[in-house]
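Down below is the structure, laid out as structure tokens.
The values are calculated or read from the model by the stated rules, or taken from the named source; none is laboratory data. In this text, all values refer to a predicted model and were calculated from it rather than measured experimentally. Every residue, glycine among them, receives a Cβ derived from its backbone with ideal geometry; neighbour counts consider all protein chains shown. Note: areas computed on protein heavy atoms with side chains; ligands, DNA, RNA excluded. Shrake-Rupley method; radii C 1.70, N 1.55, O 1.52, S 1.80 Å.
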Amino acid sequence: MTGIPTATISRLVTYLRILEGLETQDVPRTSSTDLAERAGVTAFQVRKDLAYFGRFGTRGMGYTVPVLKRELLRVLGLNQTWNVVIVGVGRLGQAIANYPGASDYQFQYVGLFDVNPNLIGTGVRGLTVRHTDELRDFVGGTRVDMGFLAVPPERAQDAAQSLADAGVRGILNFAPVVIQPRTVERSGLQEIGDEWRGVIVENVDFLAGMKRLAFYILNPDLSSAEPEDTDE
């Protein structure tokens, strides 16, 4: 499945959240216009986003809320269990581990890792914190789909490398730094290391969000402009 803009995937997550709210309110049907108003986009954009993945509605009748919700869960891969480890079990890591909503979407924490001797051996939500040196062996014996990084910025690159070396294919990075895949030289050219092939990194940068928010508070007219959707 290629040619789908990243912004479209982000909007699917928003549509899913809206549908869950509608289902809670026992609203049986919705429309592209209604979804658009709630999501802050256009009805055309809603239809375009959904059209990448199939036809889910009926002309003149809109969408059946439970059906569209089920299809979006399938498209986003949220109808299967994802095993997650957290590297960095300080305040942020523990807050993530204790967040109650993850299990609602089939995200299951299976391992916690840190280098702080005061944390190793302690328990969080029924899991024992292990030393990060044990990560590779742990992944060798347990299926791990994603790793969450909640480490200080100066440790983020090494922690990400440990996850890639262990064979974890998805990394959610909460540290305010850009993760760089390790490169190797082959035939005089720099290439991404084999352990990084197929690894997806998503960055969650709170400070970047606050900086954008500060800009838009000072420039409120710009915040109302709908971002251009490209196929990049």
Margin query: Against the definition (farther than 29 Å from R11 by Cβ and either modelled with pLDDT of 95 or more or open to solvent by 40 Å² or more (accessible area, probe 1.4 Å) (or both)), how does G121 come out, yes or no?
Written below: yes
Next item on the list: For region 170-179, indicate whether the set of residues that are open to solvent by less than 30 Å² (accessible area, probe 1.4 Å) and either farther than 23 Å from N116 by Cα or more than 20 Å from the chain's Cα centre (by Cα) (or both) is non-empty.
Entry: yes
Margin query: Please go through region 182-208 and give me each residue that is among the charged types (D, E, K, R) and under 16 Å from the mean Cα position of the chain (by Cα), ordered by number.
Written below: E202, D205
Note to self: Against the condition surrounded by fewer than 16 Cβ atoms within 10 Å (Cβ to Cβ) and under 30 Å from L127 (Cβ atoms), how does Q94 come out, does it pass?
What the structure shows: no
Next item on the list: Specify which of the listed residues (R155, R130) is free of Cβ contacts under 8 Å to residues at least 24 places away in the same chain, of a type in the set (K, R) and over 18 Å from T81 (Cα atoms).
Entry: R130
Next item on the list: Go through region 55-69 and count every residue that is open to solvent by 30 Å² or more (accessible area, probe 1.4 Å) and more than 14 Å from T14 (Cα to Cα).
Entry: 10
Item checked: Single residue of region 102-118 satisfying the filter (within 30 Å of G57 (Cα to Cα) and touching a strand residue (DSSP E or B) at 6+ places or on another chain (Cβ under 9 Å)) that is modelled with the highest pLDDT -> F107
Next item on the list: Just give me the residues in region 168-197 being closer than 19 Å to D145 by Cα and free of Cβ contacts under 8 Å to residues at least 12 places away in the same chain, in sequence order.
Entry: D194, R197
Next item on the list: Quickly run through region 1-46 and pick out the residues that are basic (K, R) and buried (at least 17 other Cβ atoms within 10 Å of the Cβ).
Entry: R11, R38
Margin query: Scan region 185-193 and tell me whether some residue there is touching a Ser or Thr at 6+ places or on another chain (Cβ under 6 Å), exposed (fewer than 13 other Cβ atoms within 10 Å of the Cβ) and more than 30 Å from R143 (Cβ to Cβ).
Written below: yes
Next item on the list: Would you check which residues across region 62-97 are in contact with a strand residue (DSSP E or B) (Cβ under 7 Å, 6 or more places away or on another chain) and part of a helix (DSSP H, G or I) and list them?
Entry: V65, G93, Q94, I96, A97
